[in-house]
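What follows is a short report on a single structure.
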Amino acid sequence: MYFDSFSEFLNMGGHGLYVWMAYGLSAVLLIINVVQPVMHKRQLIKEQMRKLRREQKTS
Amino acid sequence: MWKTFVAWFHRMGSPKWFYEISGRWIPWFAAAAVLLIAVGTVWGLAFAPADYQQGNSFRIIYIHVPAAILAQSIFFLMAIAGGIGLIWKMKVADMVAKSCAPFGATMTFIALFTGAIWGKPTWGAWWVWDARLTSMLILLFLYFGVIALQSAFDSKQSAARASAILSLVGIVNIPIIKYSVEWWNTLHQPATFKLTEKPAMPAEMWMPLLVMVVGFYCLFAVILMLRTRNEILEREKRTHWVQGLLSKES
């Protein structure tokens with residue numbers, strides 16, 4: 001561990017705000033990029049299932 | 001050798017095959033991405049030594065550099081895939097090209113944003129109209145252009161063709177980004193990793209960076225496969241195999 005204490009780690013030698021802002025925003029954007037296609041797949045399957053069921057009823 | 005390559009190329013062109021093989025690969029790449037990014041982040045934030053000039057603000061490098069490398073590699077891949085789609089009319093290539101754009105734009109944005117945050121304590125300015133920064137901003141606009149073109153056409157084929165042409169033209173920007181720090185006088189520091197030389201920083205500093213770069217590549221692979229699979233599901237929904245797949249899911 002490079003830092004002596006946890007508060008020093010958070011403070012980052014006075015640059016804490018910059019470092020944590022950069023990491024925080026990047027983490028949020030990465031998570032959005034993973035969640036989005038997963039949700040999209042669920043929605044695609046749901047839509048397609050509904051369509052299939054409707055077709056089965058009419059035929 | 002050539003024959004196996006051609007066979008592989010043809011199989012890659014089959015959406016069904018791509019769907020199946022990527023389904024098997026995703027868990028491995030996802031596990032590698034989570035592990036590498038977690039290790040790289042903790043290592044870079046808590047264990048790497050501070051820079052003697054920049055102090056701890058230098059730790060931003062562990063996302064800034066991977067994001068910038070990915071932003072350019074993804075654009076390159078997008079243009080290549082788009083070109084393959086143009087020439088050989090390969091549907092999977094078009095879908096891969098389309099699936100590259102959102103994550104590529106995110107990576108470019110992260111590189112620019114973390115660069116701005118890093119610039120404030122280091123250069124005293126959030127933004128300067130420097131060659132490296134400006135060419136990265138152009139890259140972001142190229143990504144936006146590709147995303148816009150992808151949704152601007154009713155026909156998937158026209159959308160793929162238009163965005164492939166834009167990405168192939170936009171590829172001239174990639175060497176400009178790369179050499180911008182050498183061709184022009186710039187505030188931006190030169191590349192951390194070079195193929196021909198050892199990194200200028202000590203190993204305790206660049207090793208976590210290398211871990212992060214590989215982790216980001218794995219994450220990109222996961223997102224690219226997830227998005228391409230969605231494209232396949234959507235475009236092939238009338239086919240027998242997708243309908244069979246769906247009946248298994250329910």
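General remarks:
- Residues of segment A:1-29 classified as within 7 Å of another protein chain (Cβ to nearest Cβ) and either in a helix (DSSP H, G or I) or open to solvent by less than 50 Å² (accessible area, probe 1.4 Å) (or both), total: 13
- Scanning segment B:203-214 turns up one or more residues that are open to solvent by 90 Å² or more (accessible area, probe 1.4 Å) and on the phi < 0 side of the Ramachandran plot.
- All of B:K98, B:K89 fail the test of being closer than 14 Å to B:L226 by Cα and out of contact with any strand residue (DSSP E or B) (no Cβ under 6 Å at 6 or more places or on another chain), apart from B:K98.
- Qualifying residue in segment B:9-32 (condition: touching a Gly at 6+ places or on another chain (Cβ under 9 Å) and modelled with pLDDT of 95 or more): yes
- Failed condition for B:R238, given (1) part of a helix (DSSP H, G or I); (2) within 14 Å of chain A (Cβ to nearest Cβ): (1)
- Restricting segment B:140-156 to residues that are in contact (Cβ under 8 Å) with a residue 40 or more places away in the chain and not hydrophobic (A, V, I, L, M, F, W, C), the residue that is most open to solvent (accessible area, probe 1.4 Å): B:K156
- Qualifying residue in segment B:145-152 (condition: at pLDDT 95 or above, in contact with a Leu (Cβ under 8 Å, 6 or more places away or on another chain) and of a type outside the set (A, V, I, L, M)): yes
- Given (1) surrounded by fewer than 20 Cβ atoms within 10 Å (Cβ to Cβ); (2) free of Cβ contacts under 8 Å to residues at least 60 places away in the same chain; (3) in a helix (DSSP H, G or I); (4) not hydroxyl-bearing (S, T, Y), index of the condition B:I110 fails: (1)
- Filter result for B:A79 (modelled with pLDDT of 90 or more, over 23 Å from the mean Cα position of the chain (by Cα) and either in a helix (DSSP H, G or I) or not hydrophobic (A, V, I, L, M, F, W, C) (or both)): no
- Filtering segment B:117-139 to residues that are at pLDDT 95 or above and surrounded by fewer than 18 Cβ atoms within 10 Å (Cβ to Cβ) leaves B:L137, B:I138.
The values are calculated or read from the model by the stated rules, or taken from the named source; none is laboratory data. Computed from a prediction, not measured in an experiment: that's the story for all the values here. Methodologically, a virtual Cβ is constructed for each residue, glycine included, from the backbone with ideal geometry; neighbour enumeration extends over all protein chains shown. Keep in mind that these areas ignore ligands, DNA and RNA; they rest on the heavy atoms of the full protein, side chains included. Shrake-Rupley method; radii C 1.70, N 1.55, O 1.52, S 1.80 Å.
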